[in-house]
Amino acid sequence: MKITVRAWRQAGPELPGEMTEYTVDGITPDMSFLEMLDVLNESLIVKGEEPIAFDHDCREGICGMCGVVINGRAHGPEQTTACQLHMRSFSDGDVIDVEPWRAKAFPVIKDLVVDRSAFDRIIQSGGYISVPTGSAPDAHATPVPKAAADSAFENATCIGCGACVAACPNGSAMLFTAAKVTHLNLLPQGQPERRSRVLNMVSAMDAEDFGGCTNTGECVSSCPKGIPLDSIATLNREYLSALRSQ
Ligand code: SF4
Ligand code: FES
């Protein structure tokens with residue numbers, strides 16, 4: 001396949017950026033989107049040009065690092081991460097636009113790399129349980145109702161990629177925060193800090209440059225892990241309940 005890539009180039013946070021066009025040849029349908037960027041970067045290095053900076057780590061849909069907007073959609077045409085998106089989703093001759101996450105809370109560092117440390121600060125404010133770890137307990141030592149275990153697990157699959165924020169017209173982080181709060185607040189181990197967790201995490205979220213949630217649902221349709229909109233309802237219930245108990 002021979003494709004045209006129009007990539008956002010921005011040398012630094014305070015510098016202006018622009019879309020720059022490149023032709024990439026020799027792409028196979030089995031390559032991942034990141035491997036296509038590798039091929040493009042190798043050709044730029046050979047020509048003595050600066051390669052395109054993009055974030056990545058695991059390349060298997062786990063770390064959440066590889067977020068980019070592809071043809072106007074967070075992570076591109078499939079509901080998966082950019083590292084798990086394959087070039088078979090495109091056709092020979094396609095023109096593909098690649099941009100960084102567009103959200104005030106995720107400022108561009110360079111090219112396609114953004115600063116997602118706002119998510120870290122939300123986690124630091126309450127996305128944990130405080131228990132002595134010791135040795136691993138027996139699996140059945142703390143019974144958990146099946147429905148709670150299933151929902152906690154579903155929410156625990158959030159990889160912190162930020163696609164929900166990038167897709168949201170308000171730049172809201174509600175789905176991410178909801179996944180983290182719901183995961184821990186449903187489990188017995190999460191009960192001692194249940195109220196302080198939701199109050200602190202919502203407060204930390206509000207202190208960043210995220211927008212408010214207006215239930216558009218764009219977050220859910222772009223989430224590579226299928227975190228459900230119900231989690232936002234759970235977050236709102238947990239928040240109101242914690243406020244009332246103060
Ligand atoms: S909720 Fe989904 S889209 Fe948002 S950070 Fe978690 S995995 Fe990514
Ligand atoms: S590189 Fe880890 S999720 Fe894509």
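Among what's in the range 194-238 and is crowded, with 19+ Cβ neighbours inside 10 Å and of a type in the set (Ser, Thr, Tyr), pick the residue that is nearest to ligand 1 (Cβ to nearest atom). In this case the residue turns out to be Ser222.
Quick grid of which residues meet (1) of a type in the set (Val, Ile, Thr); (2) in the same structural domain as Arg197 (by TED's automatic domain parsing); (3) out of contact with any Leu (no Cβ under 8 Å at 6 or more places or on another chain); (4) within 16 Å of ligand 2 (Cβ to nearest atom):
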{"position": "Arg102", "(1), (2), (3), (4)": "no, no, yes, no"}
{"position": "Val131", "(1), (2), (3), (4)": "yes, yes, yes, no"}
{"position": "Pro143", "(1), (2), (3), (4)": "no, yes, yes, no"}
{"position": "Asn155", "(1), (2), (3), (4)": "no, yes, no, no"}
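Yes/no matrix, rows are residues, columns are (1) touching a residue at least 24 places away in the same chain (Cβ under 8 Å); (2) in a loop (DSSP other than H, G, I, E, B); (3) within 16 Å of ligand 1 (Cβ to nearest atom); (4) in the same structural domain as Cys161 (by TED's automatic domain parsing):
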position: Pro16; (1), (2), (3), (4): no, yes, no, no
position: Thr28; (1), (2), (3), (4): yes, yes, no, no
position: Ser43; (1), (2), (3), (4): no, no, no, no
position: Asp55; (1), (2), (3), (4): yes, yes, yes, no
position: Glu60; (1), (2), (3), (4): yes, yes, yes, no
position: Gly67; (1), (2), (3), (4): yes, yes, yes, no
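Say whether the condition of being within 14 Å of ligand 2 (Cβ to nearest atom), part of a loop (DSSP other than H, G, I, E, B) and either of a type in the set (Asp, Glu) or not assigned by TED's automatic domain parsing to the domain that holds Ala156 (or both) is met by at least one residue in the range 45-52. No; the residues of the range 45-52 include none that is within 14 Å of ligand 2 (Cβ to nearest atom), part of a loop (DSSP other than H, G, I, E, B) and either of a type in the set (Asp, Glu) or not assigned by TED's automatic domain parsing to the domain that holds Ala156 (or both). If I ask for residues that are more than 13 Å from ligand 2 (Cβ to nearest atom) and either surrounded by fewer than 17 Cβ atoms within 10 Å (Cβ to Cβ) or farther than 19 Å from Lys110 by Cβ (or both), which ones from the range 54-77 would you list? Selection gives Asn71, Gly72, Arg73, Pro77. Are any of the residues in the range 191-204 among the hydroxyl-bearing types (Ser, Thr, Tyr), closer than 30 Å to Leu112 by Cα, within 16 Å of ligand 2 (Cβ to nearest atom) and at pLDDT 95 or above? The answer is no, given that none of the residues of the range 191-204 is among the hydroxyl-bearing types (Ser, Thr, Tyr), closer than 30 Å to Leu112 by Cα, within 16 Å of ligand 2 (Cβ to nearest atom) and at pLDDT 95 or above.
The values are calculated or read from the model by the stated rules, or taken from the named source; none is laboratory data. Values in this document were obtained by computation on a predicted structure and should not be read as measured data. Here Cβ is always computed from backbone atoms with ideal geometry, including for glycine, and neighbour counts include all displayed protein chains.
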